[in-house]
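The structure under discussion appears below in the form of structure tokens.
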């Protein structure tokens, strides 16, 4: 069953990625990207990397996608075209069903040719929050803290470039 | 107690990281950039003291083998902090002249220095990558400091786009190396036995990333534009500290992660060194702007340093470290004098022909400029000569005679463009009759110290060369 879900998520992510780059409407593209990211999160879940799966949904599918959508809507790209193609329920169902069919097919072929992927037993405890926290905050504490400074530097730099002109003159 | 000792092994990193945050907060409370300036100078000196202490101490790894301390790594920290300290000394006057004296500059310089220190002490690809990123992101912002000048904006954008692109190469190289060797720690990469296509693709992409950071030809395109557009003291910082950091990290990667395959990548470095020396020097000949000229000259210097890397012996690596030290001293100095001249006439005074007759107006500045330029040419009593001599001598010992011949010829070309600046300074008449300002005490003091160090390490190099040679007498 797990192997089948792997094929399902894999097919879904590839199909959504193709749909994303071929779709003509920017918002549709963005929404397909969400589908793709959620599918990748599903694959992480199958690899028993729960934390990574949750972060993938929260950060990428959540925060970064909202940012994308905001930028698309604010910049008002290709305003002559419609933002949304109207969502028709039958297209949605057709998309899901065809992905399901395709993944069943790939699964059947892989099963018949004995090329099914096997999950390594070691991966069972790698992706848990406990293992991850242990790695990040004990072994890799120095890079984690350095990342904090890196992000601070990026914020300070962005603010410096964006602040009002000549604000420094009166101080000098 | 053990964790305190571990922290001491990376004391420069800790001090500078803290200093960046402190200086950032200080501005919120005082609102006066002058305090930030003095605080950053103080922390820089403290970090330099820590780095010197580490250089004299034992070598080893700490923080779960993520960082390497002592020896080459800590000497790299000394190089970075020397460049940072002197660029900071020059920054205040220059930024006040351009009306951009804001406190964020100092915290960004310190954040960049933090990245460089991580880079030179990295014993693990993740630390190396974080170092390169912290350094680059802070430098992108600093390059665009003069927002009302088109050149500065151009510099920042160009640096950012090309830099981000090169980071992609570096990261992909690291990923492929991880894929083929199963580890990100430098010594473990060396131990891996499988050297297949993926390994070589990883090494190639890693080299590309490094070549970009040290501006080796054909990845040098950004250098002249960025060096010209950035504020001159930031350029001094970029040209010395960030380049030294990238080279020291390159040495560490070559000698610790890829020692077994040196036969193969030696030839790659050989070819890139030839291109970098020849093209850097030839293009410098035709420059009319002194900042662009110094940018191409720094490309040429990167070429000489790569001759040392191509030699791949311990003697060559220690020669490269010495060269980087001399390079830092003379380049900060030269850019410092350029920044001083530039502050006249609305900060747009960088054409070499404008320097006509200036050598006699402010004799000390003229002499300082001559010292730095003669040192860059590689004329005997100055540190630049010893650096070049030791690098080329180490390459000859390794049998790279044709490479050294090309290097010496390229270096002979460089005499023309360095000395043409002096011809303008001393042998042309000044027709504009402009009045030169008096530089501040700290500014001239910093330049004089740089010049004295350049002369001292040229006359009496034995102390430092013996010391640097001792890093490589033991095999590791």
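Table: residues versus (1) part of a helix (DSSP H, G or I); (2) within 24 Å of residue B:45 (Cα to Cα); (3) modelled with pLDDT under 95.
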{"position": "B:114", "(1), (2), (3)": "yes, yes, no"}
{"position": "B:153", "(1), (2), (3)": "yes, no, yes"}
{"position": "B:179", "(1), (2), (3)": "yes, no, yes"}
{"position": "B:193", "(1), (2), (3)": "no, no, yes"}
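Taking residue B:161 as the residue in question, decide whether it is away from every other protein chain (no Cβ under 11 Å), at negative phi and part of a helix (DSSP H, G or I).
Working: away from every other protein chain (no Cβ under 11 Å): yes; at negative phi: yes; part of a helix (DSSP H, G or I): yes.
The answer is yes for residue B:161.
Rundown of residues vs (1) more than 19 Å from residue B:87 (Cβ to Cβ); (2) crowded, with 22+ Cβ neighbours inside 10 Å, yes/no style:
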site	(1), (2)
B:244	no, yes
B:250	yes, yes
B:264	yes, no
B:268	yes, no
B:297	no, yes
B:304	yes, yes
B:318	yes, yes
B:327	no, yes
B:338	no, yes
**Enumeration of residues in region B:413-447 that are within 16 Å of residue B:339 (Cβ to Cβ) and crowded, with 16+ Cβ neighbours inside 10 Å** = B:421, B:425, B:439, B:443, B:444, B:446, B:447
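When you go through B:68, B:106, B:94, B:64 one by one, which is the residue that is surrounded by 24 or more Cβ atoms within 10 Å (Cβ to Cβ) and not in a helix (DSSP H, G or I)? If you could, list the steps in order and put the result at the bottom.
Numbers: B:106 fails: not in a helix (DSSP H, G or I); B:94 fails: not in a helix (DSSP H, G or I); B:64 fails: surrounded by 24 or more Cβ atoms within 10 Å (Cβ to Cβ).
Residue meeting the stated conditions: B:68.
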**Complete:** When (1) crowded, with 17+ Cβ neighbours inside 10 Å; (2) touching a residue at least 60 places away in the same chain (Cβ under 8 Å) are applied to residue A:34, the one that fails is (2)
**Asked** For region B:23-40, how many residues are surrounded by fewer than 18 Cβ atoms within 10 Å (Cβ to Cβ) and in a helix (DSSP H, G or I)?
**Response** 7
**Request:** Return yes or no: is residue B:157 surrounded by 24 or more Cβ atoms within 10 Å (Cβ to Cβ), more than 20 Å from residue B:248 (Cα to Cα), at pLDDT below 95 and under 22 Å from the mean Cα position of the chain (by Cα)?
**Result:** no
**Request:** Select from region A:1-22 the residues that are touching a residue at least 40 places away in the same chain (Cβ under 8 Å) and either outside the structural domain of residue A:56 (by TED's automatic domain parsing) or over 17 Å from the mean Cα position of the chain (by Cα) (or both) and list them in ascending order.
**Result:** A:2, A:3, A:4, A:5, A:7
**Prompt:** Which members of region B:4-21 meet the condition of being modelled with pLDDT of 90 or more and more than 12 Å from chain A (Cβ to nearest Cβ)?
**Reply:** B:11, B:12, B:15
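From the list B:87, B:107, pick out the single residue that is closer than 25 Å to residue B:164 by Cβ, at the interface with chain A (Cβ under 9 Å from one of its Cβ atoms) and at pLDDT 90 or above.
After applying the criteria, what remains is B:107.
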**Request:** Go through region B:372-401 residue by residue and tally those that are surrounded by fewer than 23 Cβ atoms within 10 Å (Cβ to Cβ) and more than 21 Å from residue B:299 (Cβ to Cβ).
**Result:** 8
**Complete:** Expected output for region A:58-79 (first residue in the same structural domain as residue A:28 (by TED's automatic domain parsing) and part of a helix (DSSP H, G or I), partner modelled with pLDDT under 80 and surrounded by 14 or more Cβ atoms within 10 Å (Cβ to Cβ), Cβ below 7 Å, 6+ apart or cross-chain) is A:69/A:27; A:72/A:26; A:72/A:27
**Asked** Inside region B:292-407, counting only helices (runs of 4 or more DSSP H) that do not spill past its ends, which hold 2 or more residues that are farther than 22 Å from residue B:441 by Cα and touching a residue at least 60 places away in the same chain (Cβ under 8 Å)?
**Response** B:314-342, B:363-377, B:383-397
**Prompt:** Which is within 27 Å of residue B:230 (Cα to Cα), within 14 Å of the chain's Cα centre (by Cα) and surrounded by fewer than 24 Cβ atoms within 10 Å (Cβ to Cβ), of B:117, B:85, B:79?
**Reply:** B:85
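The values are calculated or read from the model by the stated rules, or taken from the named source; none is laboratory data. Source: prediction; values computed, not measured. In this analysis, Cβ positions are derived from the backbone assuming ideal geometry, glycine residues included, and neighbour counts consider all displayed protein chains.
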